[in-house]
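All remarks here apply to the structure that follows.
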Amino acid sequence: MSFDFIVVGAGSAGCVLANRLSEDPSKKVLLLEAGPRDTNLWIHVPLGYGKLFARTDINWAYESEPEPALNGRKVFTPRGKVLGGSSSINGLVYIRGQREDYDGWGVRGWGFEDLLPYFRKSEIKVSELPRHELCDAFIESSAALGIPRTDDFNGPSQEGTGYYRATTFGGRRSSAATAYLRPAQKRPNLTIEVDALVTRILFEGKRAVGVQCGERVFKAREVLLCAGAFNSPQLLQLSGIGPRALLEGHGIPVVHESPRVGEDLQDHFYARTFWRCRRKITLNDDMATWWRQALMGMDYLFRRKGHMMVAGGYAAAFIRTRPELKRPDAQIYFINFSSAQRGGILHSHPGFTCSVSQMQVESRGSVQIRSSEATQPPAIRYNYLATENDRRVMVEGLKFVRRICATAPMRDYVDAEFLPGDKVKSDDDWLDYCREYGETVFHPTSTCRIGSVVDDKLRVSGVANLRVVDASVMPAVPSGNINASVIAVAEKAADLIRDGAGQ
């Protein structure tokens, strides 16, 4: 079968492209997704993301290589393998990032003012979260420490403390699949194939002509790779585009030598602290008895209210860890429950979690194929905490969390610091804590960077009729959660493709 466009991956970017490109009834579009349809109930319940961490039917559930800076630990790395991709399983937090992020990329046409119309164009619905007294106390204490209050982290300044906004609408998750694919799926010129793992891109010389998917071959005028920061570089490498030594080491014929494919991985490092609460007002308490679970379920079913409406972040503070900085460099997440493992069983005591993520990351890692088989997961190396600044921001951010929890009114809710507790006192102690407990906050980018792997029209350098459109093309990770940025990148890419840039 032949198409005008083949879109590989039905994640946030792929869903956008499938919708926008099929708006032209003269263009035939094929969307290929390795996972199933998004029929799982918990995808659509906001709090249901906690049920999806280990679901390997809809989640790639990767593990990193042993991280040298994290005491050799492997980092569990969920990524969406379902219609909607990670927008179907993520924590629903909507953050655009900072103006300086995009201007700092230094790429013509990709500054903040260039992307702002595409942020506004997004079809993803965004809603306010319900208020909760613990979140109110967190915000009050943050404000008492000099953090300005804000009603919108996506306003003129990201700095501040307040409630997150979440990608929900009418009490349900607003994913790229529900926002973009649902309106488009009945168009006769759009074909959607699920459970369809693309194993390689097909070339005639240095011109992409289609893809292989199991035993099937699909041809197209242009191939659009939207498989994400891990799977896009993996598929390029499997198809003969990447570092020559890596490809030849796995017996893959080199179509085009591109040394930076899979390099320059960035992600936001993340460390949680846990606190015992003096009052039984947390999600831990609602989940402790069957009757409170029933009440919570009825509150959601009949009123679309309560704890089941909570996103992966509830309240937040975007702070400068040093007063001389011109913009926030750390993101503090607050949520009204606690568990030893994300997606795991909640603690048996009343508890809440306060976490820190560094934003302007300096450390860079890599993604490389392990073999010539597409079914083998790639080798992911985050290389966290590789620079002094990255280490310092995490330490200072965690120290600020402790200050918040020791400040009224938050301190009145604290029964004890459950983890790390009194054993962590010095900066070195905090850094050791990061090494022992830190993990990903699921924002990988930059493995097919503009300027290194693709040009400013997202065309893969050195070959024709092939583009990458997803988080991997970002030159650096934006400040905060990245799903909104991926949607904006894809919206802009759709315009570039429809305008025939470079064709």
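The values are calculated or read from the model by the stated rules, or taken from the named source; none is laboratory data. These numbers were taken from a predicted model, which means no experiment stands behind them. FYI the Cβ positions are ideal-geometry reconstructions off the backbone, even for glycines, and counts take in every protein chain you see. Just so you know, the surface numbers come from the protein's heavy atoms only, side chains and all, with ligands and any DNA or RNA stripped out. Shrake-Rupley method; radii C 1.70, N 1.55, O 1.52, S 1.80 Å.
If you take the Cα centroid of segment 302-342 and the Cα centroid of segment 432-503, the two points sit 25 Å apart. Rounded to the nearest 10 degrees, the inclination of helix 112-121 to the longest alpha-carbon principal axis of the chain is 90 degrees.
For segment 145-265, what is the accessible area per residue in Å², given a 1.4 Å probe and the full set of protein chains?
Details: 4840 Å² over 121 residues.
The answer is 40 Å² per residue.
Using a 1.4 angstrom probe on heavy atoms only, work out the carbon and sulfur share of the accessible area of segment 381-471 in %. Roughly 45 percent, rounded to a whole number. Scaling the Cα radius of gyration of segment 188-292 by the globular reference 2.2 N^0.38 Å produces a ratio of 1.75.
For segment 366-462, report the accessible area per residue in Å² (1.4 Å probe, heavy atoms, rounded to an integer).
Details: 4030 Å² over 97 residues.
That works out to 42 Å² for each residue.
Among the trypsin sites (Lys or Arg not before Pro) within segment 359-440, which fall in a DSSP loop and have no more than 15 other Cβ atoms within 10 Å of their own Cβ?
Details: sites: ARG364, ARG370, ARG381, ARG391, ARG392, LYS399, ARG402, ARG403, ARG411, LYS423, LYS425, ARG435; in loops: ARG364, ARG370, LYS423, LYS425.
Hits after loop and neighbour filter: ARG370, LYS423, LYS425.
So what's the gap between the Cα centers of segment 118-197 and segment 21-86, to the nearest angstrom? Each part's Cα centre sits 18 Å from the other's. Of the whole protein surface, TRP42 contributes about 80 Å² of accessible area at a 1.4 Å probe radius. Coordinate range of the alpha-carbon atoms in the chain per principal axis, descending: 68, 50, 39 Å. Measuring nothing but how far apart in sequence close Cα pairs (under 8 Å, 6+ apart) lie, relative to its length, segment 352-446 scores a relative contact order of 24 percent.
In degrees from 0 to 90, rounded to the nearest 10, what is the angle of the helix 427-437 Cα long axis to the longest principal axis of the chain? The helix 427-437 is inclined about 60 degrees to the chain. Ligands, DNA and RNA aside, LEU283 has an accessible area near 10 Å² when probed at 1.4 Å. Apply the Debye scattering formula to segment 232-286, with a single equal point scatterer on each alpha-carbon and no solvent, then give log10 I(q)/I(0) at q = 0.12, 0.23, 0.26 Å⁻¹. So the normalised log intensities work out to -0.48, -0.85, -0.94.
Using DSSP to define loop residues, name the trypsin sites (Lys or Arg not before Pro) in segment 29-130 whose beta-carbon has at most 12 other beta-carbon atoms within 10 Å. Provide the component values of the computation, followed by the final result.
Working: sites: ARG37, LYS51, ARG55, ARG73, LYS74, ARG79, LYS81, ARG96, ARG99, ARG108, ARG120, LYS121, LYS125; in loops: ARG37, ARG55, LYS74, ARG79, LYS81, ARG96, ARG108, LYS125.
Passing both the DSSP loop test and the Cβ count: ARG108.
Each listed q (0.13, 0.16, 0.20, 0.23 Å⁻¹) maps to a log10 I(q)/I(0) for segment 84-151 from the Debye sum over equal C-alpha point scatterers, namely -0.62, -0.86, -1.04, -1.07. Stretched out straight at 0.36 nm per residue, the stretch from TRP291 to LYS121 would grow longer than its current Cα-Cα span by 56.9 nm.
Once the convex hull of the C-alpha atoms of segment 1-145 is built, how many Å³ does it hold per residue, rounded to a whole number? Could you put the intermediate results ahead of the total?
On the way: hull volume 32.2 nm³, N = 145.
It is 222 Å³ per residue.
Label separation (GLU215 vs ASP412): 7.0 nm, computed from points 7 Å beyond Cα along the C-beta direction.
Each peptide in 10-18, 136-144 receives the mean, over its residues, of other Cβ atoms within 10 Å, and ordering these scores from highest gives 10-18, 136-144. Dividing the convex hull volume of the alpha carbon atoms of segment 396-484 by its residue count gives 146 Å³ per residue. Taking label positions 7 Å along the Cα-Cβ direction at both LYS206 and ARG304, the computed distance is 5.3 nm, reported to one decimal.
Mean sequence separation of contacting Cα pairs (under 8 Å, at least six apart), scaled by the length of the chain, corresponds to a relative contact order of 23 percent.
Using the Cβ of GLY214 as centre and a radius below 14 Å, the other residues enclosed give a net charge of -3, where K and R count +1 and D and E count -1.
Pop the C-beta distance of ASP499 and VAL194 into the FRET formula with R0 = 30 Å and round what comes out to the nearest 0.05. Present the calculation step by step, with values, prior to reporting the outcome.
Working: r = 30 Å, r/R0 = 0.99.
That gives a FRET efficiency of 0.50.
For n ≥ 4 DSSP H runs only, could you compute -39500 (n - 2.57) per run for the chain, divide by its residues and tell me the 222 nm figure to the nearest 500?
One gets -7000 deg cm²/dmol as the mean residue ellipticity at 222 nm.
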